[in-house]
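The values are calculated or read from the model by the stated rules, or taken from the named source; none is laboratory data. Source: prediction; values computed, not measured. So basically every Cβ, Gly included, is an ideal-geometry build from the backbone, and we count neighbours across all protein chains shown. The accessibility values were calculated without ligands, DNA or RNA, using every heavy atom of the protein model including side chains. Shrake-Rupley method; radii C 1.70, N 1.55, O 1.52, S 1.80 Å.
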Protein chains: 2
Amino acid sequence: MSTENLSETQHLFERAEPGVRKAHKRHILSIALDCFDEQGLEATTIEMIRERAASSIGSIYHHFGSKEGLVAALYFAALDDQLALIRPRMQGAARPRQAVDALVQTYLEWVERQPKLARFMLRARHAVAGGPQSETLAERNKERYGELLQWIQDGIRAGEIRRLPSETYASLLIGQSENYCRAWLSGRVKGSPTTYAEVFSEASWRAIAA
Amino acid sequence: MSTENLSETQHLFERAEPGVRKAHKRHILSIALDCFDEQGLEATTIEMIRERAASSIGSIYHHFGSKEGLVAALYFAALDDQLALIRPRMQGAARPRQAVDALVQTYLEWVERQPKLARFMLRARHAVAGGPQSETLAERNKERYGELLQWIQDGIRAGEIRRLPSETYASLLIGQSENYCRAWLSGRVKGSPTTYAEVFSEASWRAIAA
DNA sequence: TAATGTTCTAGAATATAATTCTAATTTGAG
DNA sequence: CTCAAATTAGAATTATATTCTAGAACATTA
């Protein structure tokens, strides 16, 4: 295998452990992302990935176990990338309203920065949720929304947020933005997500405001 | 093939042209829906569908052309079923606010009535949008939202709805509900969609209210 | 540094599933 | 009833995921 000729998106996975060999694993992930983005999950074959990554079937299966495993690994890498951007901004908020703005705006920003990862996450969600990694996914989502629920508690106590069924808050806050991003990523609408950051964060706030 | 022993969900596709032979086509769709719901799209094989439907490979390929074609046919049947419930209720509305309520409430109601179809639609969307039927899908979606945009125009003129980028309205109105239904259909939250109809229609209205 | 076990790479062989193809059967029009 | 078109059948083919075995690279320890 050659270490020259790395994919453009290779840098996305740098957070993983370092080392020459790990680099190859990351390279495969990166090439897989390109293939999935261009062809879709179904239409991308292991053989395609092997060829573009100048790797081998054996390597791919050694690292990921199966095509489904490769998809799951990429999904969690994407989730990490997203949370790495969002989490610090939410922690920097001073009031519930700012936390909501940070959540929405940073989410939109991430989608715009990483359209391939974002598109992949929306496409792969069901596969991962249905597969053997579903439990890991559930944990991750819980940790993802844990902090958000803290802010909501604070907001309710302060009389700024209305008391609603707790399982509805996540949808009320992110559903609109996610829906729009899905449309943008598939070309159905033209305006880039951050263009409408105001619109969406205002809508999210109104949805839960007292 | 036997015409006894029809699937429970067969009735869903009765709206298609009548006739003994068409019945078999509908029967295949119905069985396919059950398989997709139980196993997921990927894991369901044509052989499984053939067996449960007591049909043959030849018939399935004759009617649908490919697995992807079968998925697309089922998707459009599901879309029809959904619109058949939603459209009349929106037409019955007197004011923009009522139209929004009708849209949200009827959508939630449909999801609860047809969980298999709803789950399938959410899972299959990307496959259909990426496949050869993507154009048909785009047309359908346009007709789906056309009426909605009429109501919004009225609302803006009447000073009840604020003027926003037109491509954001659909997401602002249905994104939250869809996101919640997705979570409910995959078991991540417990409260049935209609339980929260008030919450979601209120949120949709607030999102666009002047 | 050499010995040795472990991880990784390779690609041929296998298994599984989608799709094609040809022939028989059923149906409906006239 | 006859014939053409539509439908049903399932065997053969093709495409793709996965397994398996062997060898190469690497790391650890004496």
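Observations on the model:
- Some residue of the range B:81-100 being within 16 Å of DNA strand D (Cβ to nearest atom), under 22 Å from the mean Cα position of the chain (by Cα) and within 14 Å of chain A (Cβ to nearest Cβ): no
- Residue in the range B:126-138 that is within 29 Å of B:Val71 (Cβ to Cβ), open to solvent by less than 50 Å² (accessible area, probe 1.4 Å), at the interface with chain A (Cβ under 8 Å from one of its Cβ atoms) and assigned to a helix (DSSP H, G or I) present: yes
- Complete set of residues in the range B:40-82 that are within 10 Å of DNA strand C (Cβ to nearest atom), outside any loop (DSSP other than H, G, I, E, B) and surrounded by fewer than 20 Cβ atoms within 10 Å (Cβ to Cβ): B:Ile46, B:Glu47, B:Met48, B:Arg50, B:Ile57, B:Gly58, B:Ser59, B:Tyr61, B:His62, B:Lys67, B:Glu68, B:Gly69
- With respect to the conditions (1) more than 9 Å from chain B (Cβ to nearest Cβ); (2) of a type in the set (Val, Ile, Thr); (3) under 22 Å from B:Leu137 (Cα atoms), A:Ile156 lacks only one, and its number is (3).
- Where a residue in the range B:180-203 is facing chain A (nearest Cβ under 10 Å) and buried (at least 20 other Cβ atoms within 10 Å of the Cβ) and its partner, wherever it lies, is polar (S, T, N, Q) and part of a loop (DSSP other than H, G, I, E, B), with Cβ under 7 Å and at least six apart: B:Trp184/B:Ser192
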